[in-house]
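Below: the structure, in C-alpha coordinates.
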Amino acid sequence: MSDDPVAEPAIVTARGVEKRFGDLQVLKGIDLTVRKGEVVVIVGASGSGKTTFIRCINHLEKIQKGRIEVNGHLIGYRERNGLLVEDSERNIARQRCEIGMVFQLFNLFPHLTALENIIEAPIHVRKIPREEALRTGRALLARVGLAEKENTYPAQLSGGQQQRVAIARALAMRPALMLFDEPTSALDPEMIGEVLDVMKELAREGMTMIVVSHEMGFAREVANRVIMMHGGQIIEDAPPEQFFTAPAHERTAAFLSRVIGKRD
Amino acid sequence: MNFEWGVFWEYLFWPSSVYLHGLWLTLSISVVAQGFGTVLGLFIALARISKHRLLQVPARIFVWGFRGTPLLVQIVFIYTGLAAANIFRFEDINLGFATLPGNLQAGLLALTLNEAAYMAEIIRAGINSVNLGQTEASKSLGMTYGLYMRRIILPQAARVVVPPLGNEFNSMLKNTTLLSVIGVPELLLATQMVTSVTFRVFELYMVVACYYLTLTTLWGFVQQRLESRFGDPAAAASRKLASKGYRRLFGFGQIGEPR
(Lines give C-alpha, C1' and ligand atoms only; values in the text may rest on other atoms or scores of the structure.)
Protein backbone atom coordinates (compact mmCIF):
# COMPACT_ATOMS: atom_id res chain seq x y z
CA MET A 1 0.00 0.00 0.00
CA SER A 2 1.40 3.31 -1.00
CA ASP A 3 0.92 6.29 1.29
CA ASP A 4 -0.01 8.63 -1.49
CA PRO A 5 -1.61 6.66 -4.28
CA VAL A 6 -2.59 9.78 -6.16
CA ALA A 7 1.04 10.31 -7.15
CA GLU A 8 1.21 6.85 -8.74
CA PRO A 9 0.40 6.21 -12.41
CA ALA A 10 -3.04 4.88 -13.30
CA ILE A 11 -3.20 1.13 -13.91
CA VAL A 12 -6.91 0.99 -14.75
CA THR A 13 -8.85 3.76 -16.41
CA ALA A 14 -12.50 3.08 -17.18
CA ARG A 15 -14.54 5.78 -18.90
CA GLY A 16 -18.26 5.66 -19.53
CA VAL A 17 -18.41 1.85 -19.64
CA GLU A 18 -21.78 0.51 -20.68
CA LYS A 19 -22.78 -3.13 -20.97
CA ARG A 20 -26.02 -4.73 -22.03
CA PHE A 21 -27.19 -8.33 -21.97
CA GLY A 22 -29.90 -8.12 -24.61
CA ASP A 23 -32.38 -5.55 -23.35
CA LEU A 24 -30.99 -5.55 -19.85
CA GLN A 25 -28.48 -2.78 -19.25
CA VAL A 26 -26.14 -4.00 -16.50
CA LEU A 27 -23.54 -1.22 -16.60
CA LYS A 28 -24.74 2.35 -17.07
CA GLY A 29 -21.61 4.39 -17.51
CA ILE A 30 -18.83 3.36 -15.15
CA ASP A 31 -15.94 5.76 -14.55
CA LEU A 32 -13.10 4.48 -12.43
CA THR A 33 -9.39 5.09 -12.08
CA VAL A 34 -7.23 2.71 -10.09
CA ARG A 35 -3.63 3.73 -9.45
CA LYS A 36 -0.57 1.59 -9.02
CA GLY A 37 -0.53 -0.15 -5.65
CA GLU A 38 -4.13 0.66 -4.84
CA VAL A 39 -6.52 -1.90 -3.43
CA VAL A 40 -10.10 -1.18 -4.45
CA VAL A 41 -12.91 -3.25 -3.02
CA ILE A 42 -16.23 -3.21 -4.86
CA VAL A 43 -19.35 -4.03 -2.88
CA GLY A 44 -23.01 -4.01 -3.74
CA ALA A 45 -26.07 -6.20 -3.85
CA SER A 46 -26.20 -9.05 -6.32
CA GLY A 47 -27.27 -7.80 -9.71
CA SER A 48 -25.60 -4.43 -9.17
CA GLY A 49 -23.11 -5.17 -11.98
CA LYS A 50 -19.94 -5.45 -9.90
CA THR A 51 -18.90 -8.87 -11.21
CA THR A 52 -19.80 -7.92 -14.78
CA PHE A 53 -17.66 -4.80 -14.45
CA ILE A 54 -14.48 -6.59 -13.40
CA ARG A 55 -15.06 -9.21 -16.11
CA CYS A 56 -15.08 -6.34 -18.60
CA ILE A 57 -11.65 -5.26 -17.37
CA ASN A 58 -10.04 -8.36 -18.91
CA HIS A 59 -12.56 -8.54 -21.73
CA LEU A 60 -14.32 -11.70 -20.60
CA GLU A 61 -17.36 -9.53 -21.34
CA LYS A 62 -17.68 -7.22 -24.32
CA ILE A 63 -18.76 -3.65 -23.70
CA GLN A 64 -21.11 -1.61 -25.85
CA LYS A 65 -19.91 1.87 -24.93
CA GLY A 66 -16.98 3.56 -23.26
CA ARG A 67 -13.42 2.38 -22.93
CA ILE A 68 -11.19 0.58 -20.47
CA GLU A 69 -7.43 0.96 -20.40
CA VAL A 70 -5.04 -1.14 -18.37
CA ASN A 71 -1.44 0.04 -18.18
CA GLY A 72 -2.20 2.48 -20.99
CA HIS A 73 -3.47 -0.26 -23.36
CA LEU A 74 -7.05 -0.11 -24.59
CA ILE A 75 -8.60 -3.45 -23.58
CA GLY A 76 -10.42 -5.64 -26.07
CA TYR A 77 -10.78 -3.05 -28.79
CA ARG A 78 -8.72 -1.01 -31.19
CA GLU A 79 -9.55 2.29 -32.76
CA ARG A 80 -10.34 2.39 -36.43
CA ASN A 81 -11.56 5.66 -38.02
CA GLY A 82 -12.63 6.93 -34.63
CA LEU A 83 -14.68 3.81 -33.90
CA LEU A 84 -13.83 0.99 -31.54
CA VAL A 85 -13.70 -2.46 -33.14
CA GLU A 86 -12.96 -5.68 -31.31
CA ASP A 87 -9.26 -6.45 -31.28
CA SER A 88 -7.67 -9.66 -32.60
CA GLU A 89 -7.67 -12.70 -30.34
CA ARG A 90 -3.89 -12.59 -30.17
CA ASN A 91 -3.82 -8.97 -28.98
CA ILE A 92 -6.56 -9.56 -26.44
CA ALA A 93 -4.63 -12.57 -25.12
CA ARG A 94 -1.50 -10.44 -24.83
CA GLN A 95 -3.39 -7.82 -22.84
CA ARG A 96 -4.79 -10.46 -20.54
CA CYS A 97 -1.28 -11.58 -19.61
CA GLU A 98 -1.00 -8.31 -17.67
CA ILE A 99 -4.19 -8.97 -15.74
CA GLY A 100 -4.48 -11.79 -13.24
CA MET A 101 -7.95 -13.05 -12.45
CA VAL A 102 -9.20 -15.11 -9.54
CA PHE A 103 -12.66 -16.64 -9.88
CA GLN A 104 -15.34 -17.40 -7.35
CA LEU A 105 -15.24 -21.10 -8.27
CA PHE A 106 -11.42 -21.25 -8.56
CA ASN A 107 -11.49 -22.81 -12.06
CA LEU A 108 -8.28 -24.75 -11.54
CA PHE A 109 -7.44 -27.20 -14.32
CA PRO A 110 -8.53 -30.54 -12.81
CA HIS A 111 -6.28 -32.68 -15.02
CA LEU A 112 -3.13 -30.89 -13.86
CA THR A 113 -1.41 -30.93 -10.47
CA ALA A 114 -1.16 -27.77 -8.39
CA LEU A 115 2.31 -27.02 -9.72
CA GLU A 116 1.35 -27.86 -13.32
CA ASN A 117 -1.60 -25.48 -13.00
CA ILE A 118 0.81 -22.70 -12.08
CA ILE A 119 3.47 -23.31 -14.74
CA GLU A 120 1.10 -24.00 -17.65
CA ALA A 121 0.64 -20.43 -18.85
CA PRO A 122 4.16 -19.18 -18.07
CA ILE A 123 5.61 -21.99 -20.21
CA HIS A 124 3.12 -22.00 -23.08
CA VAL A 125 2.10 -18.33 -23.17
CA ARG A 126 5.07 -16.43 -21.79
CA LYS A 127 7.53 -19.01 -23.25
CA ILE A 128 9.54 -19.10 -20.05
CA PRO A 129 12.00 -22.04 -19.86
CA ARG A 130 10.53 -24.97 -17.94
CA GLU A 131 13.22 -24.98 -15.26
CA GLU A 132 12.70 -21.34 -14.49
CA ALA A 133 8.90 -21.74 -14.48
CA LEU A 134 9.21 -24.65 -12.06
CA ARG A 135 11.42 -22.59 -9.75
CA THR A 136 9.01 -19.66 -9.78
CA GLY A 137 6.03 -21.99 -9.46
CA ARG A 138 7.44 -23.69 -6.36
CA ALA A 139 8.27 -20.31 -4.83
CA LEU A 140 4.69 -19.15 -5.43
CA LEU A 141 3.26 -22.33 -3.92
CA ALA A 142 5.42 -21.74 -0.86
CA ARG A 143 4.23 -18.15 -0.74
CA VAL A 144 0.58 -19.25 -0.53
CA GLY A 145 1.57 -21.86 2.07
CA LEU A 146 1.14 -24.95 -0.10
CA ALA A 147 4.73 -25.97 -0.82
CA GLU A 148 4.04 -29.59 0.07
CA LYS A 149 1.05 -29.83 -2.28
CA GLU A 150 2.81 -29.40 -5.61
CA ASN A 151 1.94 -32.87 -6.90
CA THR A 152 -1.63 -32.81 -5.65
CA TYR A 153 -4.59 -32.59 -8.01
CA PRO A 154 -7.23 -29.90 -7.41
CA ALA A 155 -9.91 -32.45 -6.48
CA GLN A 156 -7.77 -33.52 -3.51
CA LEU A 157 -7.43 -29.96 -2.18
CA SER A 158 -9.87 -28.11 0.05
CA GLY A 159 -11.68 -25.08 -1.37
CA GLY A 160 -9.38 -22.68 0.44
CA GLN A 161 -6.29 -24.51 -0.83
CA GLN A 162 -7.67 -24.51 -4.37
CA GLN A 163 -8.26 -20.78 -4.24
CA ARG A 164 -4.71 -20.19 -2.97
CA VAL A 165 -3.34 -22.26 -5.89
CA ALA A 166 -5.54 -20.20 -8.22
CA ILE A 167 -4.02 -16.99 -6.82
CA ALA A 168 -0.52 -18.42 -7.30
CA ARG A 169 -1.43 -19.41 -10.86
CA ALA A 170 -2.52 -15.86 -11.67
CA LEU A 171 0.59 -14.39 -10.02
CA ALA A 172 2.87 -16.65 -12.07
CA MET A 173 2.14 -14.49 -15.11
CA ARG A 174 3.58 -11.48 -13.23
CA PRO A 175 0.47 -9.36 -13.79
CA ALA A 176 0.35 -5.61 -13.23
CA LEU A 177 -3.17 -5.93 -11.88
CA MET A 178 -5.10 -8.61 -10.02
CA LEU A 179 -8.87 -8.97 -10.28
CA PHE A 180 -10.72 -10.98 -7.64
CA ASP A 181 -14.29 -11.99 -8.39
CA GLU A 182 -15.87 -12.89 -5.05
CA PRO A 183 -12.86 -15.04 -4.16
CA THR A 184 -14.24 -16.29 -0.85
CA SER A 185 -17.95 -16.60 -1.63
CA ALA A 186 -17.79 -20.30 -2.46
CA LEU A 187 -15.72 -21.20 0.60
CA ASP A 188 -16.66 -22.74 3.90
CA PRO A 189 -16.37 -20.09 6.63
CA GLU A 190 -13.29 -21.67 8.22
CA MET A 191 -11.38 -21.41 4.94
CA ILE A 192 -12.11 -17.78 4.17
CA GLY A 193 -9.37 -16.53 6.48
CA GLU A 194 -6.52 -18.40 4.77
CA VAL A 195 -7.46 -16.91 1.38
CA LEU A 196 -7.90 -13.40 2.76
CA ASP A 197 -4.49 -13.68 4.47
CA VAL A 198 -2.84 -14.39 1.12
CA MET A 199 -4.67 -11.43 -0.41
CA LYS A 200 -3.65 -9.14 2.44
CA GLU A 201 -0.04 -10.16 2.02
CA LEU A 202 -0.31 -9.42 -1.68
CA ALA A 203 -1.75 -5.98 -0.94
CA ARG A 204 1.09 -5.24 1.49
CA GLU A 205 3.59 -6.09 -1.23
CA GLY A 206 2.10 -3.35 -3.38
CA MET A 207 -0.01 -5.32 -5.88
CA THR A 208 -2.74 -3.33 -7.58
CA MET A 209 -5.98 -5.13 -6.82
CA ILE A 210 -9.65 -4.82 -7.61
CA VAL A 211 -11.69 -7.07 -5.37
CA VAL A 212 -15.38 -7.80 -5.62
CA SER A 213 -16.25 -9.10 -2.21
CA HIS A 214 -18.73 -9.25 0.62
CA GLU A 215 -15.91 -9.35 3.17
CA MET A 216 -16.39 -6.02 4.91
CA GLY A 217 -13.62 -6.77 7.39
CA PHE A 218 -11.16 -7.20 4.53
CA ALA A 219 -12.40 -3.99 2.90
CA ARG A 220 -12.01 -2.02 6.11
CA GLU A 221 -8.57 -3.39 6.84
CA VAL A 222 -6.90 -3.54 3.43
CA ALA A 223 -8.70 -1.35 0.92
CA ASN A 224 -7.56 2.13 -0.06
CA ARG A 225 -11.00 2.77 -1.49
CA VAL A 226 -14.30 1.04 -1.18
CA ILE A 227 -16.79 1.36 -4.00
CA MET A 228 -20.51 0.79 -3.81
CA MET A 229 -22.29 -0.24 -6.96
CA HIS A 230 -26.01 -0.07 -7.46
CA GLY A 231 -28.05 -0.59 -10.61
CA GLY A 232 -25.01 -0.61 -12.86
CA GLN A 233 -23.52 2.60 -11.48
CA ILE A 234 -20.93 3.58 -8.92
CA ILE A 235 -22.80 5.44 -6.23
CA GLU A 236 -20.08 5.70 -3.62
CA ASP A 237 -16.29 5.76 -3.84
CA ALA A 238 -14.55 6.58 -0.60
CA PRO A 239 -11.70 5.56 1.71
CA PRO A 240 -12.87 2.76 4.00
CA GLU A 241 -13.07 4.91 7.11
CA GLN A 242 -15.45 7.32 5.49
CA PHE A 243 -17.26 4.57 3.60
CA PHE A 244 -18.11 2.63 6.72
CA THR A 245 -18.70 5.47 9.15
CA ALA A 246 -20.15 8.29 7.05
CA PRO A 247 -21.43 7.05 3.69
CA ALA A 248 -22.69 9.80 1.45
CA HIS A 249 -25.40 7.80 -0.24
CA GLU A 250 -28.40 6.49 1.64
CA ARG A 251 -28.31 3.23 -0.32
CA THR A 252 -24.79 2.62 0.94
CA ALA A 253 -25.94 3.17 4.49
CA ALA A 254 -28.86 0.80 3.97
CA PHE A 255 -26.59 -1.80 2.39
CA LEU A 256 -24.05 -1.53 5.21
CA SER A 257 -26.67 -1.87 7.90
CA ARG A 258 -27.96 -5.00 6.16
CA VAL A 259 -24.56 -6.59 5.68
CA ILE A 260 -22.79 -5.55 8.84
CA GLY A 261 -25.85 -5.56 11.05
CA LYS A 262 -26.04 -9.29 10.54
CA ARG A 263 -22.43 -9.85 11.46
CA ASP A 264 -21.80 -7.59 14.47
CA MET B 1 -27.04 -82.24 -36.82
CA ASN B 2 -24.25 -82.16 -39.29
CA PHE B 3 -21.34 -80.49 -37.50
CA GLU B 4 -17.76 -81.52 -38.24
CA TRP B 5 -15.66 -80.64 -35.20
CA GLY B 6 -12.53 -81.44 -37.18
CA VAL B 7 -13.30 -78.71 -39.73
CA PHE B 8 -14.13 -76.27 -36.96
CA TRP B 9 -10.88 -76.80 -35.05
CA GLU B 10 -8.81 -76.88 -38.18
CA TYR B 11 -10.06 -73.53 -39.46
CA LEU B 12 -10.01 -72.03 -35.99
CA PHE B 13 -6.36 -72.87 -35.27
CA TRP B 14 -4.84 -73.44 -38.71
CA PRO B 15 -6.60 -70.83 -40.85
CA SER B 16 -5.80 -70.66 -44.51
CA SER B 17 -4.02 -67.67 -46.00
CA VAL B 18 -7.32 -66.32 -47.36
CA TYR B 19 -8.55 -66.17 -43.79
CA LEU B 20 -5.40 -64.55 -42.47
CA HIS B 21 -5.48 -61.99 -45.22
CA GLY B 22 -9.14 -61.29 -44.38
CA LEU B 23 -8.25 -60.91 -40.72
CA TRP B 24 -5.45 -58.52 -41.58
CA LEU B 25 -7.79 -56.46 -43.78
CA THR B 26 -10.48 -56.30 -41.11
CA LEU B 27 -7.99 -55.08 -38.55
CA SER B 28 -6.19 -52.57 -40.73
CA ILE B 29 -9.41 -51.16 -42.20
CA SER B 30 -10.85 -50.72 -38.71
CA VAL B 31 -7.76 -48.97 -37.36
CA VAL B 32 -7.34 -46.67 -40.34
CA ALA B 33 -11.04 -45.73 -40.63
CA GLN B 34 -11.34 -45.19 -36.88
CA GLY B 35 -8.18 -43.08 -36.84
CA PHE B 36 -9.13 -40.84 -39.73
CA GLY B 37 -12.75 -40.78 -38.60
CA THR B 38 -11.74 -39.57 -35.14
CA VAL B 39 -9.49 -36.81 -36.48
CA LEU B 40 -12.10 -35.68 -39.01
CA GLY B 41 -14.77 -35.94 -36.32
CA LEU B 42 -12.73 -33.63 -34.07
CA PHE B 43 -12.65 -30.92 -36.73
CA ILE B 44 -16.34 -31.36 -37.48
CA ALA B 45 -17.11 -31.09 -33.77
CA LEU B 46 -15.06 -27.88 -33.52
CA ALA B 47 -16.87 -26.50 -36.58
CA ARG B 48 -20.19 -27.49 -35.10
CA ILE B 49 -19.61 -25.57 -31.85
CA SER B 50 -17.99 -22.63 -33.59
CA LYS B 51 -19.76 -19.27 -33.59
CA HIS B 52 -19.30 -18.89 -37.35
CA ARG B 53 -22.33 -20.03 -39.30
CA LEU B 54 -20.16 -20.81 -42.31
CA LEU B 55 -18.49 -23.57 -40.31
CA GLN B 56 -21.49 -24.56 -38.23
CA VAL B 57 -24.01 -25.19 -41.00
CA PRO B 58 -21.91 -27.55 -43.19
CA ALA B 59 -20.92 -29.50 -40.08
CA ARG B 60 -24.57 -29.89 -39.09
CA ILE B 61 -25.50 -31.07 -42.58
CA PHE B 62 -22.62 -33.56 -42.67
CA VAL B 63 -23.58 -35.12 -39.36
CA TRP B 64 -27.26 -35.15 -40.27
CA GLY B 65 -26.60 -36.89 -43.59
CA PHE B 66 -24.16 -39.52 -42.45
CA ARG B 67 -25.99 -40.43 -39.28
CA GLY B 68 -29.34 -40.43 -40.99
CA THR B 69 -28.60 -42.95 -43.75
CA PRO B 70 -27.51 -46.59 -43.49
CA LEU B 71 -23.79 -47.25 -43.65
CA LEU B 72 -24.39 -49.98 -46.24
CA VAL B 73 -26.12 -47.46 -48.50
CA GLN B 74 -23.21 -45.06 -48.10
CA ILE B 75 -20.69 -47.75 -49.02
CA VAL B 76 -22.53 -48.81 -52.15
CA PHE B 77 -23.29 -45.20 -53.07
CA ILE B 78 -19.66 -44.10 -52.82
CA TYR B 79 -18.21 -47.06 -54.70
CA THR B 80 -20.85 -48.20 -57.16
CA GLY B 81 -23.18 -45.20 -57.29
CA LEU B 82 -20.57 -42.56 -58.04
CA ALA B 83 -19.00 -44.76 -60.69
CA ALA B 84 -22.33 -45.61 -62.33
CA ALA B 85 -23.19 -41.92 -62.57
CA ASN B 86 -19.77 -41.26 -64.11
CA ILE B 87 -18.96 -38.85 -61.27
CA PHE B 88 -15.97 -40.63 -59.80
CA ARG B 89 -14.44 -44.03 -60.29
CA PHE B 90 -12.08 -45.44 -57.67
CA GLU B 91 -9.02 -46.82 -59.51
CA ASP B 92 -6.38 -49.08 -58.00
CA ILE B 93 -3.42 -47.13 -56.69
CA ASN B 94 0.06 -48.61 -56.82
CA LEU B 95 1.91 -47.70 -53.65
CA GLY B 96 5.12 -49.42 -54.78
CA PHE B 97 5.16 -52.05 -52.03
CA ALA B 98 1.46 -52.86 -52.42
CA THR B 99 -1.60 -52.03 -54.46
CA LEU B 100 -4.53 -50.24 -52.89
CA PRO B 101 -7.58 -51.54 -54.74
CA GLY B 102 -10.36 -49.12 -55.72
CA ASN B 103 -13.03 -50.88 -53.69
CA LEU B 104 -10.84 -50.77 -50.59
CA GLN B 105 -10.33 -47.01 -51.02
CA ALA B 106 -14.07 -46.46 -51.40
CA GLY B 107 -14.76 -48.68 -48.39
CA LEU B 108 -12.24 -46.86 -46.23
CA LEU B 109 -13.68 -43.52 -47.30
CA ALA B 110 -17.24 -44.55 -46.49
CA LEU B 111 -16.31 -45.98 -43.08
CA THR B 112 -14.22 -42.89 -42.29
CA LEU B 113 -16.93 -40.40 -43.21
CA ASN B 114 -19.59 -42.35 -41.37
CA GLU B 115 -17.40 -42.70 -38.30
CA ALA B 116 -16.51 -38.99 -38.43
CA ALA B 117 -20.20 -38.10 -38.12
CA TYR B 118 -20.60 -40.21 -34.99
CA MET B 119 -17.28 -39.13 -33.49
CA ALA B 120 -18.19 -35.48 -34.11
CA GLU B 121 -21.22 -35.86 -31.88
CA ILE B 122 -19.25 -37.74 -29.23
CA ILE B 123 -16.44 -35.19 -29.20
CA ARG B 124 -18.89 -32.29 -29.20
CA ALA B 125 -20.58 -33.76 -26.14
CA GLY B 126 -17.16 -34.19 -24.55
CA ILE B 127 -16.16 -30.59 -25.15
CA ASN B 128 -19.52 -29.33 -23.90
CA SER B 129 -19.08 -31.36 -20.72
CA VAL B 130 -16.07 -29.24 -19.77
CA ASN B 131 -17.11 -26.37 -17.52
CA LEU B 132 -17.15 -22.93 -19.16
CA GLY B 133 -15.01 -21.69 -16.28
CA GLN B 134 -12.10 -23.68 -17.73
CA THR B 135 -12.21 -21.61 -20.90
CA GLU B 136 -12.49 -18.39 -18.93
CA ALA B 137 -9.57 -19.29 -16.69
CA SER B 138 -7.49 -20.20 -19.76
CA LYS B 139 -8.35 -16.93 -21.50
CA SER B 140 -7.59 -14.90 -18.40
CA LEU B 141 -4.11 -16.47 -18.42
CA GLY B 142 -3.54 -15.16 -21.93
CA MET B 143 -4.13 -18.44 -23.77
CA THR B 144 -5.50 -18.37 -27.31
CA TYR B 145 -8.11 -20.78 -28.75
CA GLY B 146 -5.70 -23.35 -30.19
CA LEU B 147 -3.61 -23.49 -27.04
CA TYR B 148 -6.42 -23.87 -24.53
CA MET B 149 -8.30 -26.36 -26.71
CA ARG B 150 -5.20 -28.52 -27.01
CA ARG B 151 -3.83 -28.19 -23.47
CA ILE B 152 -6.91 -27.59 -21.30
CA ILE B 153 -10.25 -28.45 -22.90
CA LEU B 154 -9.58 -31.53 -25.06
CA PRO B 155 -7.62 -33.43 -22.36
CA GLN B 156 -10.63 -32.98 -20.09
CA ALA B 157 -13.07 -33.84 -22.87
CA ALA B 158 -11.07 -37.05 -23.48
CA ARG B 159 -12.36 -38.44 -20.21
CA VAL B 160 -15.89 -38.28 -21.59
CA VAL B 161 -14.92 -39.23 -25.16
CA VAL B 162 -12.80 -42.33 -24.56
CA PRO B 163 -15.49 -44.76 -23.30
CA PRO B 164 -17.83 -44.22 -26.30
CA LEU B 165 -14.79 -44.14 -28.58
CA GLY B 166 -14.06 -47.68 -27.41
CA ASN B 167 -17.59 -48.72 -28.26
CA GLU B 168 -17.27 -47.07 -31.65
CA PHE B 169 -14.19 -49.12 -32.46
CA ASN B 170 -15.94 -52.26 -31.31
CA SER B 171 -18.74 -51.44 -33.80
CA MET B 172 -16.17 -50.56 -36.44
CA LEU B 173 -14.56 -54.01 -36.20
CA LYS B 174 -17.94 -55.53 -37.00
CA ASN B 175 -19.05 -52.90 -39.54
CA THR B 176 -16.10 -53.79 -41.78
CA THR B 177 -18.14 -56.87 -42.78
CA LEU B 178 -20.33 -54.51 -44.83
CA LEU B 179 -17.41 -53.96 -47.21
CA SER B 180 -17.94 -57.54 -48.41
CA VAL B 181 -20.76 -56.23 -50.62
CA ILE B 182 -18.31 -54.20 -52.69
CA GLY B 183 -15.87 -57.11 -52.88
CA VAL B 184 -13.30 -56.20 -50.23
CA PRO B 185 -12.00 -59.63 -49.12
CA GLU B 186 -12.12 -58.92 -45.39
CA LEU B 187 -12.87 -61.65 -42.90
CA LEU B 188 -16.51 -62.22 -43.85
CA LEU B 189 -15.97 -62.32 -47.61
CA ALA B 190 -12.93 -64.54 -47.03
CA THR B 191 -15.19 -66.92 -45.13
CA GLN B 192 -17.76 -66.84 -47.89
CA MET B 193 -15.06 -67.67 -50.40
CA VAL B 194 -13.94 -70.66 -48.35
CA THR B 195 -17.49 -71.93 -47.74
CA SER B 196 -18.30 -71.77 -51.43
CA VAL B 197 -15.54 -74.31 -51.97
CA THR B 198 -15.94 -76.49 -48.87
CA PHE B 199 -19.72 -76.15 -48.21
CA ARG B 200 -18.95 -76.25 -44.46
CA VAL B 201 -21.08 -73.14 -43.85
CA PHE B 202 -22.06 -73.77 -40.22
CA GLU B 203 -18.55 -74.63 -39.02
CA LEU B 204 -16.87 -71.80 -40.87
CA TYR B 205 -19.36 -69.17 -39.73
CA MET B 206 -18.81 -70.41 -36.19
CA VAL B 207 -15.09 -69.90 -36.76
CA VAL B 208 -15.55 -66.40 -38.13
CA ALA B 209 -17.81 -65.52 -35.22
CA CYS B 210 -15.05 -66.72 -32.88
CA TYR B 211 -12.59 -64.48 -34.69
CA TYR B 212 -14.74 -61.40 -34.27
CA LEU B 213 -15.36 -62.31 -30.66
CA THR B 214 -11.61 -62.59 -30.09
CA LEU B 215 -10.97 -59.23 -31.72
CA THR B 216 -13.64 -57.42 -29.72
CA THR B 217 -12.51 -59.15 -26.52
CA LEU B 218 -8.90 -58.15 -26.99
CA TRP B 219 -10.12 -54.64 -27.76
CA GLY B 220 -12.04 -54.66 -24.49
CA PHE B 221 -8.76 -54.98 -22.61
CA VAL B 222 -7.16 -52.18 -24.61
CA GLN B 223 -10.21 -50.02 -23.98
CA GLN B 224 -9.89 -50.52 -20.25
CA ARG B 225 -6.26 -49.42 -20.45
CA LEU B 226 -7.24 -46.32 -22.38
CA GLU B 227 -9.96 -45.42 -19.93
CA SER B 228 -7.64 -45.56 -16.96
CA ARG B 229 -5.03 -43.62 -18.91
CA PHE B 230 -7.44 -40.81 -19.80
CA GLY B 231 -9.59 -41.10 -16.70
CA ASP B 232 -9.71 -38.89 -13.66
CA PRO B 233 -6.05 -38.39 -12.65
CA ALA B 234 -6.98 -37.62 -9.06
CA ALA B 235 -9.06 -40.78 -8.78
CA ALA B 236 -6.33 -42.78 -10.51
CA ALA B 237 -3.76 -41.44 -8.06
CA SER B 238 -5.81 -42.34 -5.03
CA ARG B 239 -6.88 -45.71 -6.39
CA LYS B 240 -4.50 -48.34 -5.13
CA LEU B 241 -5.02 -50.91 -7.86
CA ALA B 242 -6.76 -50.71 -11.18
CA SER B 243 -9.86 -52.87 -11.29
CA LYS B 244 -9.42 -56.22 -12.97
CA GLY B 245 -9.86 -56.60 -16.70
CA TYR B 246 -12.41 -59.40 -16.53
CA ARG B 247 -14.77 -57.10 -14.62
CA ARG B 248 -14.98 -54.60 -17.43
CA LEU B 249 -15.30 -57.43 -19.93
CA PHE B 250 -18.35 -58.92 -18.30
CA GLY B 251 -19.62 -55.59 -17.08
CA PHE B 252 -19.85 -56.11 -13.32
CA GLY B 253 -18.05 -54.83 -10.29
CA GLN B 254 -17.56 -51.35 -11.76
CA ILE B 255 -20.38 -49.18 -10.59
CA GLY B 256 -21.11 -48.58 -6.96
CA GLU B 257 -17.91 -50.20 -5.85
CA PRO B 258 -16.19 -48.27 -3.06
CA ARG B 259 -12.90 -46.78 -4.15
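The values are calculated or read from the model by the stated rules, or taken from the named source; none is laboratory data. Because the structure is predicted, anything quoted here is derived from the model rather than measured. Ideal geometry is used to build each Cβ from the backbone, glycine not excepted, and the neighbour counts take in all protein chains shown. Ligands, DNA and RNA are stripped out before the accessible areas are found, and what is left, the full protein with its side chains, is counted by its heavy atoms. Shrake-Rupley method; radii C 1.70, N 1.55, O 1.52, S 1.80 Å.
Some notes on this structure:
- Within the shell of other residues whose beta carbon sits under 15 angstrom from the beta carbon of residue A:197, the net charge comes to -2, with Lys and Arg scored +1 and Asp and Glu -1.
- With 30 Å as the limit, the listed pairs A:28/A:127; A:149/A:200; B:51/B:174 have A:28/A:127; B:51/B:174 beyond it between alpha carbons.
- Taking every protein chain into account, the 1.4 Å probe leaves residue A:31 with about 90 Å² of accessible area, to the nearest ten.
- Taking only the alpha carbons of chain B, we obtain Rg and Dmax values of 21.7, 73 Å in that order.
- Percent accessible area from carbon and sulfur atoms, the stretch B:140-219, protein chains only, probe 1.4 Å: 69 percent
- Occluded residues from the stretch A:116-158, i.e. those whose accessible area drops by 20 Å² or more once the chain is not alone (1.4 Å probe): A:120, A:121, A:124, A:125, A:153, A:156
- Accessible area per residue for the stretch A:45-169, computed on protein heavy atoms with a 1.4 Å probe, is 44 Å².
- Computed over chain A: relative contact order in percent, which uses C-alpha pairs under 8 Å that are six or more apart: 26 percent
- Residues with amide H under 5 Å from that of residue A:61, placed H, sequence gap 5 or more: A:56
- Of the two radii for the stretch A:3-102, the radius of gyration is 0.96 times the Kirkwood radius, both from the alpha carbons; that is the Rg over Rh value.
- Values of log10 I(q)/I(0), in the order q = 0.16, 0.27, 0.28 Å⁻¹, for the stretch A:198-264 under a Debye, Cα-only, solvent-free model: -0.54, -1.31, -1.37
- Between helix B:201-230 and chain B: long-axis angle, C-alpha atoms, 0 to 90°, nearest 10: 20 degrees
- Overall, the accessible surface of the stretch A:25-158 at a probe of 1.4 angstrom is composed of carbon and sulfur to the extent of 46 percent.
- The fraction of Cα-Cα pairs per 5 angstrom bin, counted from 0 for the stretch B:1-57, comes to 4, 15, 12, 11, 10, 9, 8, 7, 7, 6, 5, 4, 2 percent, rounded to whole percents.
- The mean accessible area for residues of the stretch B:1-131, using a 1.4 Å probe and ignoring ligands and nucleic acids, is 58 Å² per residue.
- Rounded to the nearest 10 Å², the accessible area of residue A:52 at probe 1.4 Å: 20 Å²
- Heavy-atom accessible surface that A and B bury in contact, both chains counted, 1.4 Å, Å² to 100: 2100 Å²
- Put simply, the amide H of residue A:26, placed in the peptide plane, has neighbours under 5 Å in A:19, A:20, A:21, leaving out anything fewer than 5 places away on its chain.
- Looking at the stretch A:177-234, the accessible area is 33 square angstrom per residue; that uses a 1.4 Å probe and ignores ligands, DNA and RNA.
- For the protein assembly as shown, the percent of C-alpha pairs falling in each 20 Å distance bin, counted from 0 to the bin holding the largest distance, reads 18, 39, 26, 13, 3, 0.
- For a modelled paramagnetic label at residue B:55, 7 Å from Cα along Cα-to-Cβ, the residues of the stretch B:130-148 in reach, with backbone nitrogen under 12 Å, are B:145-147.
- The protein assembly as shown - share of DSSP beta bridges that are antiparallel (%, nearest 5): 65 percent
- Computed with a 1.4 Å probe over protein heavy atoms only, the accessible area of residue A:13 comes to about 40 Å².
- Fraction of antiparallel bridges per DSSP, chain A only, in percent to nearest 5: 60 percent
- The distance separating the Cα centre of the stretch B:39-83 from that of the stretch B:148-186 comes to 15 Å.
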